[in-house]
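Everything on this sheet refers to the single structure shown next.
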Amino acid sequence: MSVGPTLELRQLGHTGLSLSCIGFGASPLGNVFGHVSEPDAIASVHLAFRLGINFFDTSPYYGGTVSETVLGKALRSLGAPREKFIVSTKCGRYTDGFDFSADRVTKSIDESLERLGLDYVDILQCHDIEFGDLDQIVNETIPALQKLKEAGKIRFIGITGLPLGIFTYVLDRVPPGSVDVILSYCHYGINDSTLEDLLPYLKSKGAGVISASPLSMGLLTENGPPEWHPASQELKSACRAAAAHCKEKGKNISKIALQYSLANKEISSVLVGMNSIRQVEENVAAAIEVATVGKDEEIFKEVEAILEPVKNQTWPSGIQKS
């Protein structure tokens, strides 16, 4: 049997981990975008692994622990050695609110490991830290995570959130090398590429970079974003126009958006939420196409022109200072 092109692996900062350029975002397995049956969820994880995706990201917050539980079942039934897949989960954000205290995050990892059926996770990330006290993250949460690292329950420490300023705030205040990974979302896509400006700084701090939500939480899809999406009407209508233009040209805006994000090799992995075999197949095919054939420059330029008036427009997230 001939083996076709495989997914590119990229180094994650100084961790020594090699991540597939596409990561499996497991939030949809928690039914957060509509119901997914357990057999479908497990089949999509198994197929992703067979097609070369080795990085799986979840959180106790997704579906009130459902995502972690289902992902755990899928990973346990893979039949693969533990070192062949990389698992990231989070702490500090739960369905009942935020708690970044040392006590809570220490309990949190034990709960997550039990649900995942694992002895350790590769990365534990403080989830959406803009909703907490950043000084608590620096002085209490990250030192607690260091202890979990020493105990062998986690291998690396990460922080996640929307506003890019949270990363510089924390990284400037913790001892060098304390934070191994940052996960940014909605800031490296065809409509918003502001993460790019931060890449040299993150590299200087030794932090590996994961970028999530290349489709901007549904903005860059043919169906459009969910009702609750916090983007402005102006941004939503520009993305609608871009999606319609792509469709007219026989292209899919989601594939274009994903390929745009994958083209920057400074980003170790682009996390995409997946909940079906079809989505896994489409995402892997898009990644292999951009790596082997390159991107369709003409449609890229046309989409960028449509989105130019709203380029880098974002929305507030976290505790708003009065």
- [ ] Scan the range 224-245 and give yes if some residue there is out of contact with any Cys (no Cβ under 7 Å at 6 or more places or on another chain) and closer than 21 Å to residue 284 by Cβ, otherwise no.
- [x] no
Task: All strands (runs of 3 or more DSSP E) inside the range 77-173 with 1 or more residues being more than 16 Å from the chain's Cα centre (by Cα) and within 26 Å of residue 204 (Cβ to Cβ) - done: 154-161
Open item on the list: Pull out all pairs, ordered by first then second residue, where Cβ-Cβ is under 7 Å, the residues are six or more apart or on different chains, the first lies in the range 244-255 and is touching a residue at least 40 places away in the same chain (Cβ under 8 Å), and the second is of a type in the set (A, V, I, L, M) and not in a helix (DSSP H, G or I).
Closed with: 253/220
TODO: Return the total of residues in the range 27-70 being under 16 Å from residue 108 (Cα atoms), in contact with a Gly (Cβ under 6 Å, 6 or more places away or on another chain), part of a helix (DSSP H, G or I) and of a type outside the set (A, V, I, L, M).
DONE: 1
Open item on the list: I'd like to check something: does the range 275-290 contain any residue that is in a loop (DSSP other than H, G, I, E, B) and either at pLDDT 95 or above or not hydroxyl-bearing (Ser, Thr, Tyr) (or both)?
Closed with: yes
TODO: Scan the range 137-153 residue by residue and report those that are of a type in the set (D, E, K, R) and touching a residue at least 12 places away in the same chain (Cβ under 8 Å).
DONE: 140, 147, 153
Task: Condition met for residue 131 (surrounded by 19 or more Cβ atoms within 10 Å (Cβ to Cβ) and out of contact with any Cys (no Cβ under 6 Å at 6 or more places or on another chain)) - done: no
- [ ] Give me the pairs, please: first residue somewhere in the range 101-124 and of a type in the set (Phe, Trp, Tyr), second residue anywhere and surrounded by fewer than 15 Cβ atoms within 10 Å (Cβ to Cβ), beta-carbon distance under 9 Å, and either six or more positions apart or on two chains.
- [x] 120/82; 120/152
Open item on the list: When the residues of the range 199-246 are narrowed to those that are part of a helix (DSSP H, G or I) and within 17 Å of the chain's Cα centre (by Cα), which ends up nearest to residue 122 (Cα to Cα)?
Closed with: 202
- [ ] Filter the range 26-43 down to the residues that are modelled with pLDDT of 90 or more, closer than 20 Å to residue 60 by Cβ and more than 15 Å from the chain's Cα centre (by Cα), then identify the one that is surrounded by the fewest Cβ atoms within 10 Å (Cβ to Cβ).
- [x] 38
- [ ] Could you please find all residues in the range 266-285 being small (Gly, Ala, Ser) and buried (at least 21 other Cβ atoms within 10 Å of the Cβ)?
- [x] 268, 269, 273
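The values are calculated or read from the model by the stated rules, or taken from the named source; none is laboratory data. Predicted model, so just to flag it, every value in this text is computed and none were measured. As a convention, Cβ positions derive from the backbone with ideal geometry for all residues, glycine included, and neighbour counts pool all protein chains shown.
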